[in-house]
C-alpha cells in the first residue's frame, strides 16, 4: 500500500486540530490507529488537551505545518498561537494515514522587562480581590522606601484576560504595573472573573451577565482593597482602563466618586457592535482582496448588528442571532450606558491616551469623540501617540492582528505621561 500523500496528512492534521478546538473529542479519536485507541480514550484526550490549554486564552492563529519522516512514519507539527502562549501539536501518522502518536507541548513566553523597569524599587505581593469562591488572584506592586505613594487599579479589555493582560508574548499590564511602580506608584492588577472562573459560570449566569458583573463590580472591590494598603495615599487613587476597561471607566468613576482621576487607554466612544463590524472589515481587507467567504461573514455580522439596533426586536433576539453569540443582556447594558453619556455625569480629572495605529479603537472616531465631548473641561488631558498600536506598542505601517504576536512593550513615553499626570494632581 502506498503511503498517504503529505498534502492529505496536512488536511487530516488541520481537521484534528479543528476537532480539538471545537471540543469534539469523540470525532478526533476516530483518526487514531488501533494502538492509540487503546492508549488514549476520548476522556483522556480531552483531559490532556485541557491541561495545556486551560490558561491559554483565545486562539489567535494556526501556523503552517512542518513535517519530517522517521522510520516509515510521517510527523506533522502545527503551532497553535493562543492569546497567552503557544501550543505545538505533534501528530505521528502511519502509512495508512492514521494517528499513531500525539504530543502537546505548551511553549510559555519568557517575559523580558522593559528598560524603564527597576525591580529593586518595588515588591510584588500576592493578594486576592474579593472573597470566597469568586475571589480573584491579584498582585500589588508596592514601591519601597517611600512614606506615602499614590495607587492605581488596572482594568482589562474584553475577553477572559489574566492579570498581565497577556497577548502573545506581550504582557502590557505587567509593563504598566512594573513601570509605574518603578516610579513610586502602587499598582494593583488581578485576573478577570471570566478568566479565573469562566468554567464555573452556568448558562443561566452567562445569559444574564452584563459588563457590570463581568468588569465593574470587581474593579470597585479592587479600589476598596488598594485603599487599605499600608502607606497608600487614599486621596490619590486612580483607575486605569484599557480598551473595554477604558470604555467603562466613566461608569466606575460614577460609582466611586472619591477617585482622584481616570486614565483611559484606547477607550471606545462608539457602540461595540459597530466597532466589531469595522474591525472585521479592516482585517478582511488587509490583503487587498476579500474572499467570498469573508464577504458572507461580513454580511452575516452586519445583519446581526442591524437586528441588534432595530427597536422592534428589543429583547426578542436569540443569542445565536447576536454578534459573537453574546446574550442580549450584555449588549443592551452597553447600549444604555454609552461612554460619552456617562462621562457627562462626572467631573474628575482624566487622562485620555490613544495610539494612532490602533485599528480596534480609532483615533479618527473614538479619540476625537472624547476630545469633542470633553473639550470644555480644563481637568482633562489628551495624548495621541503616532507610532503606537492598540497595545500601546510601537510599530510601523498598518497594524495587523499578527503584530500582537511580536514581542514588545508599552512605550516608555506612555509610562512617563501617566506618571506625570498622577504626580501633578
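The values are calculated or read from the model by the stated rules, or taken from the named source; none is laboratory data. This one's a predicted model, so the numbers in the text were calculated from it and none came from an experiment. Every residue, glycine as well, gets a Cβ built from its backbone with ideal geometry; the counts of neighbours run over all protein chains shown.
Looking only at segment 191-205, which residues are surrounded by fewer than 16 Cβ atoms within 10 Å (Cβ to Cβ) and part of a helix (DSSP H, G or I)?
Matches in segment 191-205: 198, 199, 200, 203, 204, 205.
Here is a yes/no grid of residues against (1) more than 28 Å from residue 206 (Cα to Cα); (2) surrounded by fewer than 16 Cβ atoms within 10 Å (Cβ to Cβ); (3) touching a helix residue (DSSP H, G or I) at 6+ places or on another chain (Cβ under 8 Å):
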site: 280; (1), (2), (3): no, no, yes
site: 290; (1), (2), (3): yes, yes, yes
site: 297; (1), (2), (3): no, yes, yes
site: 303; (1), (2), (3): no, yes, no
site: 306; (1), (2), (3): no, yes, no
site: 309; (1), (2), (3): no, yes, yes
site: 318; (1), (2), (3): no, yes, no
site: 323; (1), (2), (3): no, no, yes
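Tell me, please, whether a residue that is at pLDDT 95 or above and part of a helix (DSSP H, G or I) can be found in segment 225-238. Yes, segment 225-238 has at least one match.
For segment 298-321, a residue qualifies if it is over 12 Å from residue 335 (Cβ atoms), free of Cβ contacts under 8 Å to residues at least 40 places away in the same chain and assigned to a helix (DSSP H, G or I), and the qualifying residues are 298, 299, 300, 301, 302, 303, 304, 306, 307, 320, 321. If you go through segment 409-425 and keep only what is assigned to a loop (DSSP other than H, G, I, E, B), at pLDDT 95 or above and out of contact with any helix residue (DSSP H, G or I) (no Cβ under 9 Å at 6 or more places or on another chain), you end up with just 411. How many residues does segment 170-184 hold that are buried (at least 24 other Cβ atoms within 10 Å of the Cβ) and touching a helix residue (DSSP H, G or I) at 6+ places or on another chain (Cβ under 6 Å)? Qualifying residue count, segment 170-184: 1. When we screen 239, 254, 259, 223 for residues that are under 21 Å from residue 338 (Cα atoms), in contact with a strand residue (DSSP E or B) (Cβ under 7 Å, 6 or more places away or on another chain), in contact (Cβ under 8 Å) with a residue 12 or more places away in the chain and surrounded by fewer than 24 Cβ atoms within 10 Å (Cβ to Cβ), the only hit is 259. Just name the residue that is surrounded by the most Cβ atoms within 10 Å (Cβ to Cβ) out of those in segment 119-133 that are at pLDDT 95 or above and in a helix (DSSP H, G or I). If we take residues in segment 119-133 being at pLDDT 95 or above and in a helix (DSSP H, G or I), then 121 is surrounded by the most Cβ atoms within 10 Å (Cβ to Cβ). When the criteria are applied in full, residue 349 meets the requirement of being more than 30 Å from residue 400 (Cβ to Cβ), assigned by TED's automatic domain parsing to the domain that holds residue 207 and either touching a residue at least 60 places away in the same chain (Cβ under 8 Å) or surrounded by 19 or more Cβ atoms within 10 Å (Cβ to Cβ) (or both). Please verify whether residue 267 is outside any helix (DSSP H, G or I) and within 18 Å of the chain's Cα centre (by Cα), treating the condition exactly as stated. Here the answer is yes, as residue 267 does meet what is asked.
Of the helices (runs of 4 or more DSSP H) entirely within segment 20-115, those holding at least 3 residues that are out of contact with any helix residue (DSSP H, G or I) (no Cβ under 8 Å at 6 or more places or on another chain) and more than 28 Å from residue 391 (Cβ to Cβ) occupy 34-39, 42-53. Tell me whether segment 355-362 contains one or more residues that are more than 18 Å from residue 215 (Cβ to Cβ), in the same structural domain as residue 399 (by TED's automatic domain parsing) and part of a helix (DSSP H, G or I). No.
The single condition among (1) crowded, with 18+ Cβ neighbours inside 10 Å; (2) not in a helix (DSSP H, G or I) that residue 403 does not satisfy is (2). Just one of the numbered conditions (1) assigned by TED's automatic domain parsing to the domain that holds residue 202; (2) on the phi > 0 side of the Ramachandran plot is not true of residue 255: (2).
Annotation: residue 64 fulfils all but one of (1) surrounded by 14 or more Cβ atoms within 10 Å (Cβ to Cβ); (2) modelled with pLDDT under 90; the unmet one is (1).
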